[in-house]
Amino acid sequence: MSTRRFRRWSILVVTAALLAASCGSDEGESTTSATTTTTTSAPATSTSDPGETTSSTTTTEAAAPLTASYRGVSETTIKIGVLLFDLDVILGLGVDVGYGDQTEHYQVLIDEINESGGILGRQIDPVYRLVSPVDADAADRICAEFVEDEEVFAVLGTSRPPDNVLCYTETGDTPFIGAPSGDLSDEVFERSVAPFIFPGRLPSRTDGAILAALELDDAIDGGTIAVHGADGDRVDSLAAELESRGAAKVVKTVELADEADQPALATELDRFLQVYEADGVDAMINLGDNVAVLAAFNRANFSVPVYTTSPDVLAEFIYDQGASDDELRLVRLILTETASDLYLSGYGPTVECIDRWNEARPDEPAVPNPGDDDLNNIGVIIVACSALDVLVRAATAAGPLLTVESFTDGLDAIGSYEAPGQRFASLSSTKWDASDAAKLFRWSEADGEIVAAEDLEVE
């Protein structure tokens, strides 16, 4: 197993554990505003080349007067909030996530946009706030600051907990563009009134990616498929979809044992595998973690393809309970490509975002698949590029009279586009999760590990 892949995954695991913790640390806070000379040109990100700044307005738009059309929108500026994690708090808990200068991740691109004329002549005016990821009340306090005190038009960044997005999009009449940290539910999108623009996929559409992988392998029609997970409703939903697509039989198993009770979990999984073998299961969808499942395969000498979205199979701890490379050969991992993968493959919008950063900040370079001595900043830089890319596209399409309603309508003008961090993406006034792509990862005998294979387009 590649040590570079293991380090990347282990950092994510530790960070996620810290973000899930609950303690009373106070959040740090900083405020920065960018002011530059206002011009009347109208730069935007071109649909054909998302990384290129070009003029996209018509003569009518350029001539239209700019007014204070909405909260946070003046004749000369669009005020936005940028939400960042307080890394000093995380460092105080013993973890250095290696993000580097988060403010500059946004400011470098904001400066470039402003120097090129802003959005239809308005300059982006950012206000930065650091939020403690382990203070349950910090996110609500900063939401109130952004909406009530700073009166921003939109908020970009990362929210913890994910439901805090609703403080902006349900009750605050404020668009949120970014990637919440933690378990995100479809309900957050359903309750949002102002747009919640998410660079990934709705949880329900992730199941569509799993089905796309099975169909790519011609595993559904006439097959006997096991669906396993702790969420009975999700198991039922996937089972019904499999049956509608021609599966001969679906075997449903719902995990009841506490994952902390390893002996009980092992006993339960051993019993499930006996059922799978008796029913002639051809493939398995595992909706949970894979460590115990693959160890059970090893004990039972059971061998069918396992379709999963859990990246634990990329970490060395996958072997802890007895799984081997033989079990990893069975894995069909469905993921969104990482920023490192996209950069190394030469995907234009990602390359442009990272190269722009490395030219502006050679002291904090973004390195694909970072090693122990590198900053782990490539992913968070892509999040910043992606959020600002959407802001420019939608606000430009909204025209001079920028409001939440016109911004929402402006999403229809985006449609399908190439985005930093997403090979296939689309947005509209009714579709707020951008990603329409996933990558199928399989075992490579040549590499001796699970590597990226086919692209999957997700409905």
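The values are calculated or read from the model by the stated rules, or taken from the named source; none is laboratory data. Computed from a prediction, not measured in an experiment: that's the story for all the values here. Heads up, the Cβs are rebuilt from the backbone with ideal geometry, glycines too, and the neighbour counts pull from every protein chain shown.
Annotations for the structure displayed:
- Given (1) surrounded by 17 or more Cβ atoms within 10 Å (Cβ to Cβ); (2) in the same structural domain as ASP183 (by TED's automatic domain parsing); (3) farther than 23 Å from ALA425 by Cβ, number of the condition GLY371 does not satisfy: (1)
- Residue in segment 412-432 that is in contact (Cβ under 8 Å) with a residue 60 or more places away in the chain and touching a His at 6+ places or on another chain (Cβ under 6 Å) present: no
- Of residues in segment 272-296 being farther than 16 Å from ALA239 by Cβ and among the small types (Gly, Ala, Ser), the one surrounded by the fewest Cβ atoms within 10 Å (Cβ to Cβ): ALA278
- Scanning segment 437-458 for residues that are in a loop (DSSP other than H, G, I, E, B) and either in the same structural domain as ALA387 (by TED's automatic domain parsing) or among the hydrophobic types (A, V, I, L, M, F, W, C) (or both) yields a total of 2.
- Restricted to segment 95-202, the set of helices (runs of 4 or more DSSP H) holding at least 1 residues that are among the polar types (S, T, N, Q) and under 19 Å from the mean Cα position of the chain (by Cα) comprises 102-115, 165-169.
- For segment 152-176, a residue qualifies if it is small (Gly, Ala, Ser) and buried (at least 24 other Cβ atoms within 10 Å of the Cβ), and the qualifying residues are ALA154, GLY157, SER159.
- Sole residue being assigned by TED's automatic domain parsing to the domain that holds VAL152, among the polar types (S, T, N, Q), farther than 18 Å from VAL193 by Cβ and out of contact with any Leu (no Cβ under 9 Å at 6 or more places or on another chain), chosen from SER406, SER386: SER386
- Scanning segment 222-278 for residues that are in a helix (DSSP H, G or I) and of a type in the set (Ser, Thr, Tyr) yields SER237, SER244, THR267, TYR276.
- Search result, residues across segment 381-393 that are in contact with a helix residue (DSSP H, G or I) (Cβ under 6 Å, 6 or more places away or on another chain) and either touching a residue at least 60 places away in the same chain (Cβ under 8 Å) or surrounded by fewer than 24 Cβ atoms within 10 Å (Cβ to Cβ) (or both): ILE381, ALA384, CYS385, LEU388, ARG393
- So VAL306, is it surrounded by fewer than 18 Cβ atoms within 10 Å (Cβ to Cβ) and either in contact with a strand residue (DSSP E or B) (Cβ under 6 Å, 6 or more places away or on another chain) or among the hydrophobic types (A, V, I, L, M, F, W, C) (or both): no
- LEU265 falls short on exactly one of the conditions (1) surrounded by 21 or more Cβ atoms within 10 Å (Cβ to Cβ); (2) out of contact with any strand residue (DSSP E or B) (no Cβ under 9 Å at 6 or more places or on another chain); (3) within 30 Å of VAL155 (Cα to Cα), and that condition is (3).
- Single unsatisfied condition, ILE334 versus (1) under 19 Å from TYR99 (Cβ atoms); (2) not in a helix (DSSP H, G or I): (1)
- Among residues of segment 301-313 that are within 16 Å of ALA230 (Cα to Cα), those with a Cβ under 9 angstrom from a residue that is surrounded by fewer than 20 Cβ atoms within 10 Å (Cβ to Cβ) and acidic (Asp, Glu), sequence gap 6+ or separate chain, pair up as TYR307/ASP217; THR308/ASP289; SER310/ASP289.
- Meets criteria (without any contact (Cβ under 8 Å) to a residue 60 or more places away in the chain, surrounded by fewer than 22 Cβ atoms within 10 Å (Cβ to Cβ) and assigned by TED's automatic domain parsing to the domain that holds ILE382) for GLY232: no
- Conditions (1) hydrophobic (A, V, I, L, M, F, W, C); (2) modelled with pLDDT of 95 or more; (3) more than 25 Å from the chain's Cα centre (by Cα); number of the one not met by ALA260: (2)
- The set of residues in segment 280-331 that are assigned to a helix (DSSP H, G or I) and at positive phi is empty.
- Options GLY448, GLY421; residue that is at positive phi and crowded, with 24+ Cβ neighbours inside 10 Å: GLY421
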